[in-house]
Amino acid sequence: MTGEPVISPDSSDKPARPRIMVVDDELGFRELAVFEFEARGYQVVTARDGQEAVLKAGNKDIDVVISDMAMPKLGGLDTLTALKNLDPKVEVIMATGFATLENAVESMKRGAYDFITKPFQIDDLARLVSRALEKRRLSLKVDELKEINRFKSEFLANMSHELRTPMNAILGYTSLHLDRIYGPVNEKQAEALKRVEAGGKNLLQLINGILDLSKLAAGRMPVYLEDFSLRDLIAEVITMMECLSGAKNLKLTAAIPADVRIRSDKTKLKQILINLINNAIKFTSEGGVSLDLVRTPGTSRLTLRVRDTGIGIKAEDIPQLFQEFKQLDASSTRQYGGTGLGLVISRKFAQLLGGDVNVESVPGSGSTFSIDLPLESERPALSETGLFQPAAADSKKKVFMAIDDDPEVLALLRDSLQGTGYEFAGALSAAEGIALARRLKPFAITLDIMMPHQDGWSALQILKNDAELRSIPVIILSITDNKSLGYALGVTDYLIKPFDRGELLGKLKALERGCKPGDGRGACTVLVADEERATADYLRETLAAEGYSVDTAVTGREALQKMAGAPPDVLFLNLTLPEVSGFEVMEAVEKDPKLKNTLIFVLTAKHLTTQEMEQLQKRAEVIIQKSSRDLKDILAQVQRKLVKIDGFNKCGGEGG
């Protein structure tokens with residue numbers, strides 16, 4: 001072999017194959033890696049040491065690097081740092097025969113995708129490479145989508161500003177014409193000019209609404225707090241709106257005590273009131289519109305209520321009121337006009353001020369819109385976290401917090417918790433998340449690993465070293481699969497993206513029932529060793545929904561390997577496993593002191609002899625004949641047994 005082998009790129013008429021780099025001072029390993037990964041369809045570049053790797057990476061577009069830890073000239077950790085400086089998106093897998101927890105933690109801190117210990121199976125390494133490539137692909141795609149979204153937002157904001165300037169000019173000159181500044185205007189001309197003015201005002205309102213929505217969506221809407229008299233503000237709004245109510249012969253009234261002062265954003269509260277009163281007038285033809293204030297003694301909040309005697313709203317239509325560009329039906333658009341943005345912006349403004357807007361209505365009798373606000377609003381941080389902060393404190397709800405640099409993940413988590421009784425809070429950086437955790441003291445935290453500036457491992461160490469925060473359960477939620485490191489650093493549980501909503505809710509449910517981290521694992525760990533997929537899947541899904549952390553194995557050998565890496569709390573064991581039988585697995589469990597506390601539930605369709613039954617009863621908690629029961633019966637018996645076992649309530653059981 002002459003020189004370092006390089007697999008030639010594909011021809012230009014085919015998609016480029018992924019390019020990986022293997023950095024190792026052992027020629028044999030480099031040659032093996034080239035052979036194996038070439039066979040899997042990759043382009044492979046090799047380097048003898050870190051210096052050569054950095055040089056080659058600067059000249060080639062590398063997707064994934066497999067790097068040794070101990071090398072001459074430039075060590076693995078320094079090579080990792082240099083490669084990430086060249087391309088922050090490159091994924092680096094550290095492979096070494098000198099594995100220590102310190103090396104693993106330092107590697108992850110410096111941005112490694114994962115850490116694998118030699119000797120390893122080449123298939124295991126190939127799986128890591130495949131996952132790393134998928135993460136890189138998704139990361140690049142996210143960057144692309146973020147860039148597109150940024151261009152859209154900038155375009156929307158710029159266009160809104162650009163459109164407002166000529167619209168203001170049109171409205172200004174129209175008003176001057178109506179005031180006869182430029183000469184006489186006859187009746188027909190005046191009518192036409194009034195229509196131009198009305199249309200222009202509607203268009204300007206739409207432009208302003210779109211601009212506000214774009215700022216709110218980006219979490220960039222500024223809040224300016226000041227102390228002011230609520231009565232004075234409302235008097236100003238009523239004076240403005242009387243022309244609209246008077247034109248329809250509607251009575252507009254307000255009853256506000258004189259001594260109420262509030263600290264909030266005056267302009268935004270004024271806009272909320274204008275939107276709600278304007279809506280009330282629009283949909284009322286007889287009667288009137290009233291505004292009053294309700295205060296609950298002993299609280300620091302107030303409620304402003306806008307009531308009308310209009311057409312009312314059907315109960316099933318109320319959720320649509322706060323959706324962008326939505327009106328309840330086409331006929332209302334034709335009859336009453338509007339864009340459907342006013343109520344959306346009003347609610348988002350109220351939430352930005354620490355409150356909310358709600359509605360009660362009876363069709364044919366009118367509606368009441370309530371604005372709930374604190375007497376003193378807190379200034380929200382002007383960051384991308386924006387609308388991921390809790391809208392308002394609710395002592396009845398547990399706060400669940402997520403730290404992730406991807407706003408789409410935070411939005412997905414927030415939506416996943418709707419209707420579950422949890423209050424959601426999110427942060428897009430480790431620093432923001434730690435500050436938010438200190439303020440909110442959440443019930444549980446999910447933590448991403450791969451974040452810029454400060455990664456999840458660093459955030460985890462800060463959380464666990466803080467006396468006020470260390471007891472909060474932390475669940476890693478990451479595309480990086482490094483459970484052993486996570487458990488070693490004290491996480492309660494570990495989920496791989498994309499997460500399953502049912503599994504997440506199951507883990508939260510288990511935490512509510514009092515699960516505590518024991519040996520680094522939060523939820524009870526269960527291994528289902530059964531070659532029958534239907535049984536294994538049913539047990540996995542059902543137990544996961546109850547808060548257990550469930551893994552499966554389809555052979556006896558796989559079960560032993562998984563138990564060696566992470567001893568489970570419970571083992572469901574089929575006796576007729578391939579490769580290594582269930583009886584042999586039982587013998588291995590008996591001999592391994594690390595597995596002495598593992599509970600064994602034997603599930604078998606085999607007809608057992610008296611001798612076999614006696615052998616199993618020495619170690620198994622329960623022996624269940626599959627053939628005589630359906631899966632629901634099996635699960636019911638298992639759950640009853642778990643509840644009866646002394647001390648097993650640590651895993652979420654209800655007794656013990």
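Looking only at segment 287-326, filter to residues that are at pLDDT 85 or above, of a type outside the set (G, A, S) and assigned to a loop (DSSP other than H, G, I, E, B); which one of those is surrounded by the fewest Cβ atoms within 10 Å (Cβ to Cβ)? For segment 287-326, the residue satisfying everything is K314. Taken together, T339, T284, T333 contain a single residue that is β-branched (V, I, T), more than 34 Å from the chain's Cα centre (by Cα), at pLDDT below 90 and over 20 Å from P222 (Cβ atoms), which is T333. For segment 118-141, taking the residues that are farther than 16 Å from E36 by Cα and surrounded by 15 or more Cβ atoms within 10 Å (Cβ to Cβ), the one that is farthest from the chain's Cα centre (by Cα) is identified as K118.
Only residues that are closer than 30 Å to D406 by Cβ, out of contact with any Gly (no Cβ under 9 Å at 6 or more places or on another chain) and part of a helix (DSSP H, G or I) were counted across segment 204-249, and they come to 6. Here Q461 clears all of (1) outside any loop (DSSP other than H, G, I, E, B); (2) at pLDDT 80 or above; (3) surrounded by 15 or more Cβ atoms within 10 Å (Cβ to Cβ) except the condition numbered (3).
Results for (1) surrounded by 22 or more Cβ atoms within 10 Å (Cβ to Cβ); (2) over 16 Å from K507 (Cα atoms); (3) under 17 Å from the mean Cα position of the chain (by Cα), shown as yes or no for each residue.
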position	(1), (2), (3)
I403	yes, yes, yes
T420	no, no, yes
A427	yes, yes, yes
L436	yes, yes, yes
F443	no, no, yes
L447	yes, no, yes
P452	no, yes, yes
N465	no, yes, no
S471	no, yes, no
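Taking the listed residues A534, A559, A564, A544, the one that is modelled with pLDDT under 85 and either over 29 Å from the mean Cα position of the chain (by Cα) or in a loop (DSSP other than H, G, I, E, B) (or both) is A534, with no other qualifying. Please find, within segment 51-73, the residue that is surrounded by the most Cβ atoms within 10 Å (Cβ to Cβ) out of those that are without any contact (Cβ under 8 Å) to a residue 60 or more places away in the chain and touching an Asp or Glu at 6+ places or on another chain (Cβ under 6 Å). Selected residue: D68.
You will find that of I210, I262, the residue that is in contact with a Ser or Thr (Cβ under 9 Å, 6 or more places away or on another chain), surrounded by 13 or more Cβ atoms within 10 Å (Cβ to Cβ) and at pLDDT below 80 is I210 and no other.
The values are calculated or read from the model by the stated rules, or taken from the named source; none is laboratory data. Worth saying up front: this structure is predicted, and the values here are computed from it rather than measured. Reconstructed Cβ throughout: ideal geometry from the backbone, glycine too, with neighbour counts over all protein chains shown.
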